[in-house]
């Protein structure tokens, strides 16, 4: 094999040579880059304060500064301003981190706030303490005879070099935390109110600060700051891949915040939600988050059994939902895990009972969704309809406490709660996929269940859009919209349903366009639906006999829906305890007319999930 020419090492920018720096300074002087006499005063009195803090009456907080020549290791705005192009083009054996360059003539601005801090991180070895670097081992592997600290030190020896960067100002950090708690905490309860308090170690984590800034600027950008989310993403990505955060728990938190960023899922990339979810799973298993702590186990800084469970179950739910969304196999094997389900005791603020309960039921739903995802991937022509999974979905929705039930029984949504609506989106979309997949299930009866779910999804997005922006939705919201549109496009071919289905489609198309401002997949699917409609792929079928379209019966024909594969009777209405004739005009038709006759002549796709992925693949995916 021909030898490969080694790539030159990354250029190192070293600090200027000059007078020896003080080893001990105060935080205020260090941030302002001015001379501090704290080290001199420290040798003269028991409670030293620098002269500047003494005069101004400020608290004098000490900072130890490394004096040896060091590399300043943080990302610059201009070098990390464009989106990463690492789409497996580097090949095996290339450095794990590349530096995308700015477009010619463009320089991304730095923070304009006068109080913004500049982080300067010297390359450092990880803390060699037992808790900090402890790796999980089942007892059967080589980790028991390897020295963890030596391995971690070896890893750090090849860290790439980064450059100085401005941290978000304290005001911006508070804004980003507000955005997180308002829109994201329910589904990702991994940060506490005190996370960014100055006395907390994590408040100094540049990685966590950049990941939080990514989330905040993505969902609710400030009108005063000029740094786009992609800059924060590229900084955080470089910091993580460069191994510049020594606490793996802090790394886990940052990775989970990456969820609010992602490139289109139709092509291989290191910037997709699926990729980062896989990375987070590997790290979580490496440090043993998938197992309950053993008695006497030493905890890392900022770690607790409750936080471990919140981290793991956030990751589990995300992986299950992303798996069914993108049609990919689940990674986590529940048989490898013994961590107990989340409970109110795992949360630092148990008084926030509503959001705690929402997260707990979210995790339970994701477990069922994962089973459905596995069924959809493994089914074939002879696969029986999974009646037991349908029953698990029914059991879940009927077990919801009253505050978590979807309030769409009338044409006025009261009380409206954003989290309750979001909680039901994967539930409804999973039903649509389950009942529009070719199996032994009688298709004419399955149509009603699937279209009812799609109608309820449209009602949810109508409630969202009526109240303003939907920027708070994760990228998975695109999937919910697209599946519902596909089901309704097929239903609109029936003349009885055309008008009402079109009204739902119109709402969902508006939602898709709103999502397209943040998520590339939404823009792709919006264009694909334009093409489908332009080609008359879903034109209205020829009018049939009035006896077929106007057969109204007071008894709901949905009661005939049964799981013939197992013999277990499942009424379709059991899936929708919140739906009535006032939910929407389309739901009214489905609940009152003979739907078996309505769908009698309709040919449905063999697999609506595959049809959705085909639409994405038309844009150059794999």
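What follows is calculated from the coordinates using simple rules that are stated; it is not laboratory data. Bear in mind that the values here come from a model prediction, so they are computed numbers and not experimental data. Quick reminder, even Gly has a Cβ in these numbers, built from the backbone with ideal geometry, and neighbours come from all protein chains shown.
Things to note:
- Of 312, 187, the sequence from fewest to most neighbouring Cβ atoms within 10 angstrom is 187, 312.
- Cβ-to-Cβ counts within 10 Å put 328, 459, 282 in ascending order as 282, 328, 459, the fewest first.
- Zone of residue 200's modelled label, taken as backbone nitrogen in region 232-255 under 13 Å from a point 7 Å along Cα→Cβ: 250, 253-254
- A full extension of the chain between residue 282 and residue 62 corresponds to an added length of 75.5 nm, given 0.36 nm per residue minus the alpha carbon distance.
- Using only Cα coordinates, the Kirkwood hydrodynamic radius of region 263-357 works out to 14.8 Å.
- Rg over Rh, two decimals, region 182-257 (C-alpha only, Kirkwood Rh): 0.95
- Modelled FRET efficiency - R0 25 Å, residue 466 with residue 582, Cβ distances, 0.05 increments: 0.95
- Cβ crowding within 10 Å, taken as a proxy for footprinting-reagent exposure, orders 481, 460 from fewest neighbours to most as 460, 481.
- Here r is the Cβ-Cβ distance between residue 402 and residue 382 and R0 is 60 Å; the resulting FRET efficiency, rounded to 0.05, is 0.90.
- Length gained when the stretch residue 410-residue 294 is fully extended (0.36 nm per residue, less Cα-Cα span): 36.7 nm
- If the segment from residue 35 to residue 367 were pulled out straight at 0.36 nm per residue, it would be longer than the present Cα-Cα gap by 113.8 nm.
- Pairwise Cα distances in region 336-378 exceed 17 Å in 47 percent of cases.
- Relative contact order, percent, region 272-378 [alpha-carbon distance under 8 Å, six or more residues apart]: 33
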